[in-house]
1. Condition test on ARG123, is it in contact (Cβ under 8 Å) with a residue 24 or more places away in the chain, closer than 29 Å to ASP10 by Cβ and of a type outside the set (Ser, Thr, Tyr)?
2. Among the residues of region 110-134, which ones are within 10 Å of the chain's Cα centre (by Cα) and of a type in the set (A, V, I, L, M, F, W, C)?
3. Being hydrophobic (A, V, I, L, M, F, W, C) and modelled with pLDDT under 95 is the filter here; which residues of region 290-308 pass it?
4. Failed condition for ARG234, given (1) over 30 Å from ARG90 (Cβ atoms); (2) open to solvent by 30 Å² or more (accessible area, probe 1.4 Å); (3) in contact with a Ser or Thr (Cβ under 9 Å, 6 or more places away or on another chain); (4) touching a residue at least 40 places away in the same chain (Cβ under 8 Å), with all others met?
5. I need the full set of residues from region 20-41 which are β-branched (Val, Ile, Thr) and under 17 Å from ALA74 (Cβ atoms), in order please.
6. If we scan region 132-154, do we find a residue that is open to solvent by 10 Å² or more (accessible area, probe 1.4 Å) and hydroxyl-bearing (Ser, Thr, Tyr)?
7. With the condition kept exactly as written, say whether any residue in region 214-231 is closer than 14 Å to LEU139 by Cβ, open to solvent by 20 Å² or more (accessible area, probe 1.4 Å) and within 25 Å of the chain's Cα centre (by Cα).
8. Does GLU28 fit the bill of being charged (D, E, K, R) and buried (at least 20 other Cβ atoms within 10 Å of the Cβ)?
Amino acid sequence: MAERAIAWKDAAAPTVFIDGEAGTTGLEIRERLGRLPEIAMRSIDPAKRKDDAARREMMRAVDIVVLCLPDDAAKAAAGMAADLGPDAPRIVDASTAHRVAEGWVYGFAELTAGQADRIRAARLVSNPGCYPTGAVALLRPLVEKGLVPADHPVSINAVSGYSGGGKSMIESYEVKGTAPSFELYGLGLEHKHVPEIEAYAKLARRPIFVPSVGNFRQGMLVSIPLHLDTLPGRPRLADLEAALVAHYQGSAMVEVVPLAEEAKAGGRIAAEALNDTDLLELRVYGNEVRRQAVLVARLDNLGKGASGAAVQNVRLMLGV
């Protein structure tokens with residue numbers, strides 16, 4: 001076990017409380033953390049989950065609070081914790097509320113060199129969104145290498161399983177049967193994940209992001225098309241792939257999958273192959289003759305895209 005920078009409140013084991021554990025993400029995080037004998041889970045009586053006094057005392061007693069709440073409620077909960085002063089817990093926020101907020105460390109450990117160490121030392125960590133995890137993972141290395149200019153007009157397409165929409169969407173698919181087989185959404189181009197993608201991919205121009213949902217419970221594909229001749233130095237497919245490989249060298253959770261040229265010219269990829277894992281796969285498809293490429297990220301929207309990332313951050317922060 002790594003040396004911890006902040007002492008545990010309970011000498012026996014670090015303690016974690018999930019504020020909002022009854023939701024889809026909260027349940028998944030609790031199940032995953034519950035498998036780790038090094039961590040002690042704490043819960044409030046279900047009848048007191050909205051009792052601010054009970055929540056405040058729980059926050060005072062534990063080492064880490066994971067917020068699985070709507071944005072406004074997450075902001076209020078973070079404020080409640082901050083008011084505890086020296087008794088305040090460390091926080092992992094799974095909502096969108098603090099992903100680009102000052103003072104919060106972005107919880108994508110593979111973002112860049114040293115990011116995992118920043119998470120280890122942080123008091124406030126914002127868990128990444130599922131779509132941004134794929135988009136940022138693909139774009140950040142290429143922008144840093146200068147292969148994709150920061151002001152390049154980027155378009156991002158993505159499809160997620162319906163579990164990403166929470167209880168109401170799950171019910172519309174699994175209980176009511178009223179949901180369509182496939183639909184685009186966010187077509188007003190104001191999706192709440194765009195500021196996060198723009199900030200952590202280091203883009204200087206707001207990308208166009210078109211999400212969609214399909215009739216499968218979980219799994220995700222994020223794809224980014226590129227015209228290679230519009231990029232500086234007119235890179236080849238191999239140049240893009242090499243930049244990704246170099247960036248994620250040694251990562252246990254992010255893999256750049258190499259593809260033969262014939263596969264790149266006419267491949268297929270399904271969304272659900274990484275379900276129930278915390279893995280993220282990156283690929284460079286394309287056609288060198290046509291000078292076109294498609295960057296593709298595959299992940300489980302409930303794994304590396306949500307609960308798995310939260311557990312990874314908790315483990316880093318606690319040194320377990």
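1. Details: in contact (Cβ under 8 Å) with a residue 24 or more places away in the chain: yes; closer than 29 Å to ASP10 by Cβ: yes; of a type outside the set (Ser, Thr, Tyr): yes.
Spelling it out, ARG123 is indeed in contact (Cβ under 8 Å) with a residue 24 or more places away in the chain, closer than 29 Å to ASP10 by Cβ and of a type outside the set (Ser, Thr, Tyr).
2. Applying the first criterion (within 10 Å of the chain's Cα centre (by Cα)) to region 110-134 yields 126-134.
Passing the criteria: only CYS130.
3. The initial filter retains those residues of region 290-308 that are hydrophobic (A, V, I, L, M, F, W, C), namely 293-297, 299, 302, 306.
Of everything in region 290-308, those that are hydrophobic (A, V, I, L, M, F, W, C) and modelled with pLDDT under 95 turn out to be LEU302, ALA306.
4. Result: ARG234 fails condition (3) only.
5. Quick first cut of region 20-41, residues β-branched (Val, Ile, Thr) only: 24-25, 29, 39.
Those that are β-branched (Val, Ile, Thr) and under 17 Å from ALA74 (Cβ atoms): THR24, THR25, ILE29.
6. Restricting attention to region 132-154, the residues satisfying the condition of being open to solvent by 10 Å² or more (accessible area, probe 1.4 Å) are 140, 143-147, 149-153.
Remaining after also requiring hydroxyl-bearing (Ser, Thr, Tyr): none.
Looking through region 132-154, none of the residues is open to solvent by 10 Å² or more (accessible area, probe 1.4 Å) and hydroxyl-bearing (Ser, Thr, Tyr).
7. Let us first name the residues in region 214-231 that are closer than 14 Å to LEU139 by Cβ, namely 222-226, 231.
Among the residues that remain, those that are also open to solvent by 20 Å² or more (accessible area, probe 1.4 Å) are: 223, 225.
Filter once more, so that each one left must be within 25 Å of the chain's Cα centre (by Cα): 223, 225.
The answer is yes; a qualifying residue exists.
8. Numbers: charged (D, E, K, R): yes; buried (at least 20 other Cβ atoms within 10 Å of the Cβ): yes.
Considered against the rule, which asks whether it is charged (D, E, K, R) and buried (at least 20 other Cβ atoms within 10 Å of the Cβ), GLU28 comes out as yes.
The values are calculated or read from the model by the stated rules, or taken from the named source; none is laboratory data. These figures come from a predicted structure and were not determined experimentally. All Cβ positions, even for glycine, are placed from backbone atoms using ideal geometry, and neighbour counts span all protein chains on display. Note: areas computed on protein heavy atoms with side chains; ligands, DNA, RNA excluded. Shrake-Rupley method; radii C 1.70, N 1.55, O 1.52, S 1.80 Å.
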